[in-house]
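Enquirer: One structure follows; several queries about it will come next.
The values are calculated or read from the model by the stated rules, or taken from the named source; none is laboratory data. Everything numeric in this text was worked out from a predicted model, so none of it was measured. Heads up, the Cβs are rebuilt from the backbone with ideal geometry, glycines too, and the neighbour counts pull from every protein chain shown. Calculation scope for accessible area: heavy atoms of the full protein, side chains included, ligands and nucleic acids excluded. Shrake-Rupley method; radii C 1.70, N 1.55, O 1.52, S 1.80 Å.
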Amino acid sequence: MNASSARTVLITGANKGIGYEIARQLGAAGLRIWLGARNAEAGEAAAATLREGGADVRAVHIDLLDPATIAAAAARIDAEDGRLDVLINNAGINDPRDGRPGSVDMEAVRRIFETNFFGTLAVTQAMLPLLRKSPGARIVNQSSDLGSLQQQGNADWKFAFVKSLGYSASKAALNMLTVHLAAELREAGIAVNSANPGATATDLNGHRGHQTVDQGASPAVRLALMEGDPITGGFFGVSQVDPW
């Protein structure tokens, strides 16, 4: 084991978009980055670019639908660093077949849940032993205001017209994971929170969001860098606490 004194962070789905920007910002803040990517070649290319900017970044192949890659990633982090200080569950998908509950394609809903919820849970369980080795570890689940039951129930909300059941329900489930994990890990000193990047222009939404990736990355970065006695079990957007 070649352990580092720098704080370590694993970011899933970090070869592009908000995940890449989170890696860039945390690398600039001095964290040692594990850049997780489903496509190993894309991950290596992204890591190389960040290293050119001076960040301590290593790519790691991790596919949320492939338990073998999750186990291998945990084993490699353990072998090289001996612990994990921050886990950012950023990887997520949508599906063009997603839609309203009366007509949505059931396979689309299942596909979205497999990555956004079940895959995230699998990664979290695999990384928990490493997080427990860290004093003051952090878990950040990348959620969405589309997963807010309160917002979705408000007909006057600006995004009330977006009724994509699979994606929204998967993010609501992810928020429940945050609440339960925060309760389970409170005594261990591990803070667990959901981040809402907001409507950010990325591949996920066809670059239709009004925010930049820099703005969208800010909630997760802020939660990852919390010091002292951190907040846990919350849902945080770019500039506000979001309703469940």
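Enquirer: In segment 161-191, what count of residues is obtained for those that are touching a helix residue (DSSP H, G or I) at 6+ places or on another chain (Cβ under 8 Å), free of Cβ contacts under 8 Å to residues at least 60 places away in the same chain and open to solvent by 20 Å² or more (accessible area, probe 1.4 Å)?
Expert: Residues flagged as touching a helix residue (DSSP H, G or I) at 6+ places or on another chain (Cβ under 8 Å), free of Cβ contacts under 8 Å to residues at least 60 places away in the same chain and open to solvent by 20 Å² or more (accessible area, probe 1.4 Å) within segment 161-191 amount to 2.
Enquirer: Return the residues of segment 125-150 that are in contact (Cβ under 8 Å) with a residue 24 or more places away in the chain and either surrounded by fewer than 19 Cβ atoms within 10 Å (Cβ to Cβ) or assigned to a loop (DSSP other than H, G, I, E, B) (or both); say none if nothing qualifies.
Expert: Matches in segment 125-150: Pro129, Arg132, Lys133, Ser134, Pro135, Gly136, Ala137, Ser143, Ser144, Ser148, Leu149, Gln150.
Enquirer: Taking the condition out of contact with any Gly (no Cβ under 8 Å at 6 or more places or on another chain) and of a type in the set (Ser, Thr, Tyr), does Ser170 pass? So that I can check it myself, show each step before the final result.
Expert: Numbers: out of contact with any Gly (no Cβ under 8 Å at 6 or more places or on another chain): no; of a type in the set (Ser, Thr, Tyr): yes.
Criteria not met by Ser170.
Enquirer: Filtering segment 85-109 down to residues that are more than 24 Å from Leu185 (Cα to Cα), touching a residue at least 12 places away in the same chain (Cβ under 8 Å) and among the charged types (D, E, K, R), which residue is surrounded by the most Cβ atoms within 10 Å (Cβ to Cβ)?
Expert: Step by step, filter segment 85-109, then rank; the result is Asp98.
Enquirer: If the requirement is being closer than 25 Å to Pro135 by Cβ, modelled with pLDDT under 90 and not hydrophobic (A, V, I, L, M, F, W, C), which of these qualifies: Asp229, Asp214, Asp203?
Expert: Working: Asp214 fails: closer than 25 Å to Pro135 by Cβ; Asp203 fails: closer than 25 Å to Pro135 by Cβ.
Step by step, each of Asp229, Asp214, Asp203 is checked, and only Asp229 is closer than 25 Å to Pro135 by Cβ, modelled with pLDDT under 90 and not hydrophobic (A, V, I, L, M, F, W, C).
Enquirer: Can you pull out every residue in segment 134-166 that is within 14 Å of Asn116 (Cα to Cα) and of a type in the set (A, V, I, L, M, F, W, C)?
Expert: Val140, Leu146, Leu165
Enquirer: On the given criteria, is Gly19 small (Gly, Ala, Ser) and open to solvent by 10 Å² or more (accessible area, probe 1.4 Å)?
Expert: Working: small (Gly, Ala, Ser): yes; open to solvent by 10 Å² or more (accessible area, probe 1.4 Å): no.
For Gly19, the condition - small (Gly, Ala, Ser) and open to solvent by 10 Å² or more (accessible area, probe 1.4 Å) - is not met.
Enquirer: Across segment 223-244, what is the total count of residues that are open to solvent by less than 40 Å² (accessible area, probe 1.4 Å), small (Gly, Ala, Ser) and assigned to a loop (DSSP other than H, G, I, E, B)?
Expert: Of the residues in segment 223-244, 3 are open to solvent by less than 40 Å² (accessible area, probe 1.4 Å), small (Gly, Ala, Ser) and assigned to a loop (DSSP other than H, G, I, E, B).
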